[in-house]
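One structure below.
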Protein chains: 4
Amino acid sequence: MKIHIITTGGTIEKVYSESSGQVENAAQKIDRYLQLLRLPGAQVEVTPLMNKDSLLMTDEDRELIFAVVRAKIADAPVIITHGTDTMVVTGQLLKKRLGDLAHPVILTGAMSPLGFERSDGLQNLTESLFAARVLGPGVWIVIHGQVHDVDRVRKDKENARFVAV
Amino acid sequence: MKIHIITTGGTIEKVYSESSGQVENAAQKIDRYLQLLRLPGAQVEVTPLMNKDSLLMTDEDRELIFAVVRAKIADAPVIITHGTDTMVVTGQLLKKRLGDLAHPVILTGAMSPLGFERSDGLQNLTESLFAARVLGPGVWIVIHGQVHDVDRVRKDKENARFVAV
Amino acid sequence: MKIHIITTGGTIEKVYSESSGQVENAAQKIDRYLQLLRLPGAQVEVTPLMNKDSLLMTDEDRELIFAVVRAKIADAPVIITHGTDTMVVTGQLLKKRLGDLAHPVILTGAMSPLGFERSDGLQNLTESLFAARVLGPGVWIVIHGQVHDVDRVRKDKENARFVAV
Amino acid sequence: MKIHIITTGGTIEKVYSESSGQVENAAQKIDRYLQLLRLPGAQVEVTPLMNKDSLLMTDEDRELIFAVVRAKIADAPVIITHGTDTMVVTGQLLKKRLGDLAHPVILTGAMSPLGFERSDGLQNLTESLFAARVLGPGVWIVIHGQVHDVDRVRKDKENARFVAV
């Protein structure tokens, strides 16, 4: 079966820049980590859409994400990798605007970048790809072993996790 | 919520022995890899039951697994880490003997040991922990992004995967 | 034989902070990576002295490093983990002030933090521990497979390496 | 500067075979791990010569190793990756036959294969590449932070290390 991944940036995709000494949303890196997973029977199609800290996302960015998700969701589940700070905002907009869905839309991200010691990035990516096959239609946040309805969740920044509201 | 993990050995738990130069089912190693995962809201309880290559499992071993699963499944989902060669045999026995279930029973394992380059072990463990929360009652094999009903699956040894039958 | 390691911070020891989204010199982390190395016959004694970006090091900091190195170098080689930006400054001060040496003083660090994808940190730590046993007295920078006399080297920031001058 | 690496197999180069469930000397894997190291100023030239458990090496194999080392050592240091069980045998033969040397010949290997959890392979490879630049002419075993003269060392199998004799 086909699974779409739309990448938008966020911590999951940050890299350490040796010239600036900072972590930055620069080169796309989801592909490299996908290759560590075995997914027989799945055709994963990655669409690198933007590479932004989600605190810097504009209304236009979210319109673009919406437009691309609407186009992709027709034929297969969609996973969106996204910064955790405004993941709920984007998810709720998608839920409101997409209407009835034939497949699940899953937002995921990470508290530490993929490939950094103790990162949760590969865990969340693994879970989202699994969730894409087993969850029903809806807009979900999948992270840290949990599935949250995008209308009943918030980020708990102090504890670096998402909690039900 | 609580999730039980019963470990029985198999490739997922093999270690490289520097004295024999072989991979062996020796020390328990699932715990060490569980610590790499973030599972807020989950109480994972590990029961190390045996540590065997599944080709060497006896009827008595399977009776023991059945007895322990029956005791644990009453209050929470059960994940069984198991060698892939006879995972289906054990799963079908459990399905036949357990009767009606309140929670899912999930068998998982790996083609390469946890912690070896290119291992699928942590992926499968991650997926199984996620599956324990989202699958319904039944006896399932969860591996490589897929869920298989234990009555409709076989190991495809040539391609190192499980396929529906 | 005994080998001293004095940690002062720098990129090699930075961690990703999930609350700030930045890399920071916070908790000591050299010990954790030393445990990945096999060093029979070596007693490695770690002295965590400070944890600073080397661009923020003051004259007082360097006086302190000098005082501690002088105390330690009497009985064994000393490795100093240090930020790369001012590693040469500290090294030259040490060379000038320490006078005749009975053992090597080795400065090392990294372009990317220990434990980050593609980090050179463990390589440089491995090389420095090896160098501590084989180099003669002097103040050396050991990094990327090379040994530099601290009086004949500069950091080439563009190429993330040290070059002879 | 140029550094030769001649690969002959041994534990350092073993891979886990998913079809046999054993570790085997199959595909060459040193190259893949070399890419994790930063070695500016070094031209590392890898010659994959054979891929054998060193207990299975024949006199002909050692003659071949000798012939290739003799050819390579003329212009640059030579590192030989080799099984630890008979590394001393090969090293002593090389020392006897090579005569006066212009560069160091370094034998190295590992107790656990490259890329396996807790492997010492990358450490030993890192040390050998460093040693190739700093050691004088001679035939050396470089492993676990130590340099051994090939005539004064034996493998201590119980403790998975080399010790001076």
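Quickly run through the range B:34-62 and pick out the residues that are part of a helix (DSSP H, G or I) and either touching a strand residue (DSSP E or B) at 6+ places or on another chain (Cβ under 8 Å) or acidic (Asp, Glu) (or both).
B:Leu34, B:Ser54, B:Asp59, B:Glu60, B:Asp61, listed by residue number.
Which condition from (1) away from chain D (no Cβ under 14 Å); (2) modelled with pLDDT under 95 is the one that C:Glu18 breaks?
Of the numbered conditions (1) away from chain D (no Cβ under 14 Å); (2) modelled with pLDDT under 95, the odd one out for C:Glu18 is (2).
Taking the range B:71-81, which residues are in a loop (DSSP other than H, G, I, E, B) and surrounded by fewer than 23 Cβ atoms within 10 Å (Cβ to Cβ)?
Scanning the range B:71-81 gives B:Ile73, B:Ala74, B:Asp75, B:Ala76.
Please tell me if A:Ile65 is part of a strand (DSSP E or B), touching a residue at least 12 places away in the same chain (Cβ under 8 Å) and in contact with a helix residue (DSSP H, G or I) (Cβ under 7 Å, 6 or more places away or on another chain).
no
Give the range A:51-70 a look and list any residue that's among the charged types (D, E, K, R) and under 14 Å from the mean Cα position of the chain (by Cα), or say none.
Result: A:Lys52, A:Asp53, A:Arg62.
Looking at (1) in contact (Cβ under 8 Å) with a residue 12 or more places away in the chain; (2) in contact with a Phe, Trp or Tyr (Cβ under 9 Å, 6 or more places away or on another chain); (3) away from chain A (no Cβ under 14 Å), which is the only condition B:Ala74 fails?
B:Ala74 satisfies every listed condition except (2).
If I ask for residues that are touching an Asp or Glu at 6+ places or on another chain (Cβ under 9 Å), among the polar types (S, T, N, Q) and under 17 Å from D:Ile6 (Cα atoms), which ones from the range D:126-161 would you list?
Matches in the range D:126-161: D:Thr126 only.
May I ask you to list the residues in the range A:43-62 that are more than 23 Å from A:Ala102 (Cα to Cα) and either within 14 Å of chain B (Cβ to nearest Cβ) or without any contact (Cβ under 8 Å) to a residue 40 or more places away in the chain (or both)?
Hits for the range A:43-62 are A:Leu55, A:Leu56, A:Thr58, A:Asp59, A:Glu60.
Please note which strands (runs of 3 or more DSSP E) are completely contained in the range B:82-165 and include at least 3 residues that are crowded, with 23+ Cβ neighbours inside 10 Å and touching a residue at least 12 places away in the same chain (Cβ under 8 Å).
Those strands (runs of 3 or more DSSP E) span B:104-108, B:138-143.
Out of all the residues in the range B:22-33, which are touching a helix residue (DSSP H, G or I) at 6+ places or on another chain (Cβ under 7 Å) and not polar (S, T, N, Q)?
B:Lys29, B:Ile30, B:Tyr33
For residues that are in contact (Cβ under 8 Å) with a residue 60 or more places away in the chain and among the small types (Gly, Ala, Ser), tally how many sit in the range B:6-42.
3
Only one residue in D:Ile141, D:Ile73 is under 13 Å from the mean Cα position of the chain (by Cα) and of a type outside the set (Lys, Arg), so which one is that?
Step by step, each of D:Ile141, D:Ile73 is checked, and only D:Ile141 is under 13 Å from the mean Cα position of the chain (by Cα) and of a type outside the set (Lys, Arg).
Quick check on my filter: what residues within the range B:1-33 are assigned to a strand (DSSP E or B) and within 30 Å of A:Val147 (Cα to Cα)?
B:Lys2, B:Ile3, B:His4, B:Ile5, B:Ile6, B:Thr7, B:Thr8, B:Gly9
Check the range A:27-42 and report whether any residue there is away from every other protein chain (no Cβ under 11 Å) and on the phi > 0 side of the Ramachandran plot.
Checked the range A:27-42: no residue is away from every other protein chain (no Cβ under 11 Å) and on the phi > 0 side of the Ramachandran plot.
Has the range D:103-119 got any residue that is more than 14 Å from the chain's Cα centre (by Cα), more than 14 Å from chain B (Cβ to nearest Cβ) and within 22 Å of C:Leu129 (Cβ to Cβ)?
No, because not a single residue in the range D:103-119 is more than 14 Å from the chain's Cα centre (by Cα), more than 14 Å from chain B (Cβ to nearest Cβ) and within 22 Å of C:Leu129 (Cβ to Cβ).
Collect the residues in the range A:1-59 that are of a type in the set (Lys, Arg) and open to solvent by less than 50 Å² (accessible area, probe 1.4 Å), keeping them in residue-number order.
A:Lys14, A:Lys29
The values are calculated or read from the model by the stated rules, or taken from the named source; none is laboratory data. Note that the structure is a prediction, hence the values are computed from the model and not measured. Ideal geometry is used to build each Cβ from the backbone, glycine not excepted, and the neighbour counts take in all protein chains shown. To get the accessible areas, we keep the full protein, side chains included, count just its heavy atoms, and leave off ligands, DNA and RNA. Shrake-Rupley method; radii C 1.70, N 1.55, O 1.52, S 1.80 Å.
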